[in-house]
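Only one structure is covered here, and it is reproduced in the block below.
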Amino acid sequence: MASLEIEGGVRLKGQVPSSPAKNAALPALVASLLTAEPVVLENLPALADVRTISQLLERLGAELSQEPDGATRVQVRQVKSHEAPYELVSTMRASVLVLGPLLARTGLARVALPGGCAIGLRPIDQHLKGLKRLGADIGIQNGYVEARSSRFKGCRMTLDLVTVTGTENLMMAAVLAEGTTVIENAAREPEVVDLARLLEAMGARIEGAGTERIEILGVPELGGCRHRVIPDRIETGTLLVAGAITGGDVTVTNAAPRNLSALLAKLEEAGALLEVGEDWVRCRGPERPSPTDVITSPFPGFPTDMQAQVMSLLGLADGLSRITETIFENRFMHAAELNRMGARIEIDGATALVQGVSHYQGAPVMATDLRASASLVLAGLAAKGRTEVSRVYHLDRGYERLEAKLQALGARIRRIP
Ligand code: EPU
């Protein structure tokens, strides 16, 4: 298993581009199941999760190829299998996104029930409840969701809680339904809006994406389209924190700062100096961060996917910060690893009490999930001495060449195969 070795203490400086968003690319690829015509995605991040979903789509009948300009063409002329097997769903939960589109296109789907994961239980009851309201007949057999339906019938549904992939799954199910579907308490994440844009380009009729009420007027069929995936706000945020935590000066280009306001506000409260353009952000780090409190919440609130990285930053603040995680019940696994680097973090229920220390010490640490890995890399960049972050396959699921980008900013980081 590969690891990353970091010699800390370099102030990062320079400019790096952000990559396309993982969490927008995955549903965009899956949406190709809704039509026999080609969906061309102009940009996709080179990530393990993108390869996993591509593999799943190929099993279901997709042909994937590269266009001369580097775009990826996905075409599902015919659905050849209706099954998302456990070995793929268990490596990547986002595989459950095929449920809605498979049912909408073919009336049949068999998808392994994802179990819990390193950050929480993560049930998919809201996905299933919504699909049932649209008319699906759903049972759980031997660890699989087995679903059948005739053409979905538009309906009104109110989600019990805000779910990102749940909203995406139901939106993809409803685009081919007969009549109008209204999803209340929908997720407002930019990735949901990006999927709606793609579906509209395929001929779907959707209103309200980006608000808590999405209205979908079903159409009999969808066609192909060309689509450009939005920049990855979490990768952008992680790179900005790398600038902040090292007291450096980092500019991220090809970014979408409009999707980052909650994070940018916290970086400023922590003492970073920001300059924000239309598609770039420059972050100059403070000598020492100021403490501040953070509460994660659905968009436009502070993203849970940035909680770990910001904990690394506030772990070096001049005082006490409180970080409250409201989305996932077990997303503080990085705290214990940060403590091994000298942090003083105590967990009290859903809140981490982060008493800032003057510096971290390099140490061998272990990544437990994607964003936790990023937080350890960030701490390693700021630490005195050498840090080795093991199990970086977690990181590779969601960051495209992170170490190369950090190297370009001057970091002393290398991959040990
Ligand atoms: N939930 C339920 N029932 C459901 C669905 C969700 O109880 O049917 C709960 C979850 O257990 C969680 C909360 O609702 O407590 C929110 O979960 P959500 O469904 O929004 O998460 P997700 O769609 O599974 C996506 C991202 C995650 C990101 C979350 C929250 C993708 C592929 N994944 O997951 O990304 O943390 O939204 O913003 O879009 C990551 O990239 O590192 C990552 C984990």
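The values are calculated or read from the model by the stated rules, or taken from the named source; none is laboratory data. Treat the numbers as computed from the prediction; the structure is a model and nothing was measured. FYI the Cβ positions are ideal-geometry reconstructions off the backbone, even for glycines, and counts take in every protein chain you see.
Tell me, yes or no, whether segment 57-79 has at least one residue that is surrounded by fewer than 23 Cβ atoms within 10 Å (Cβ to Cβ) and within 30 Å of R331 (Cα to Cα).
Yes, the conditions are met somewhere in segment 57-79.
Please go through segment 187-246 and pick out each residue that is away from the ligand (no atom under 16 Å from the Cβ), assigned to a helix (DSSP H, G or I) and in contact with a Gly (Cβ under 6 Å, 6 or more places away or on another chain).
Passing the criteria: G243, A244.
Taking segment 384-407 on its own, how many of its residues are assigned to a loop (DSSP other than H, G, I, E, B) and either over 17 Å from G8 (Cβ atoms) or within 16 Å of the ligand (Cβ to nearest atom) (or both)? Can you show your working first?
Just the residues of segment 384-407 that are assigned to a loop (DSSP other than H, G, I, E, B), to begin with: 385, 391-392, 399-401.
Applying the additional criterion that residues be either over 17 Å from G8 (Cβ atoms) or within 16 Å of the ligand (Cβ to nearest atom) (or both) yields 391-392, 399-401.
Count: 5.
Does G116 meet the test of being surrounded by fewer than 16 Cβ atoms within 10 Å (Cβ to Cβ) and touching a residue at least 60 places away in the same chain (Cβ under 8 Å)?
Numbers: surrounded by fewer than 16 Cβ atoms within 10 Å (Cβ to Cβ): yes; touching a residue at least 60 places away in the same chain (Cβ under 8 Å): no.
No, not satisfied.
Among the residues of segment 1-40, what is the count of those that are under 18 Å from the mean Cα position of the chain (by Cα) and away from the ligand (no atom under 16 Å from the Cβ)? If you could, list the steps in order and put the result at the bottom.
Going residue by residue through segment 1-40, those that are under 18 Å from the mean Cα position of the chain (by Cα) are 17-31.
In the following step, the residues that additionally are away from the ligand (no atom under 16 Å from the Cβ) were identified as 17.
Result for segment 1-40: 1.
Of the conditions (1) assigned to a helix (DSSP H, G or I); (2) near the ligand (Cβ under 9 Å from one of its atoms), L103 fails just one. Which one is it?
Just one mismatch for L103, condition (2).
Restricting to segment 371-394, give me the number of residues that are at pLDDT 95 or above and within 25 Å of the chain's Cα centre (by Cα). Don't jump to the end; show me each part of the working.
Going residue by residue through segment 371-394, those that are at pLDDT 95 or above are 371-390.
Next cut, within 25 Å of the chain's Cα centre (by Cα) only: 371-382, 388-390.
Counting residues in segment 371-394 that are at pLDDT 95 or above and within 25 Å of the chain's Cα centre (by Cα) gives 15.
Any idea which residue in segment 128-173 is farthest from S81 (Cα to Cα), counting only those that are away from the ligand (no atom under 11 Å from the Cβ) and acidic (D, E)?
Only one residue fits best here, namely D137.
Return a yes/no flag: does segment 281-294 have any residue that is within 16 Å of the ligand (Cβ to nearest atom), touching a residue at least 60 places away in the same chain (Cβ under 8 Å), β-branched (V, I, T) and outside any helix (DSSP H, G or I). First the steps, then the outcome.
Quick first cut of segment 281-294, residues within 16 Å of the ligand (Cβ to nearest atom) only: 294.
Then drop every residue that is not touching a residue at least 60 places away in the same chain (Cβ under 8 Å), which leaves none.
Looking through segment 281-294, none of the residues is within 16 Å of the ligand (Cβ to nearest atom), touching a residue at least 60 places away in the same chain (Cβ under 8 Å), β-branched (V, I, T) and outside any helix (DSSP H, G or I).
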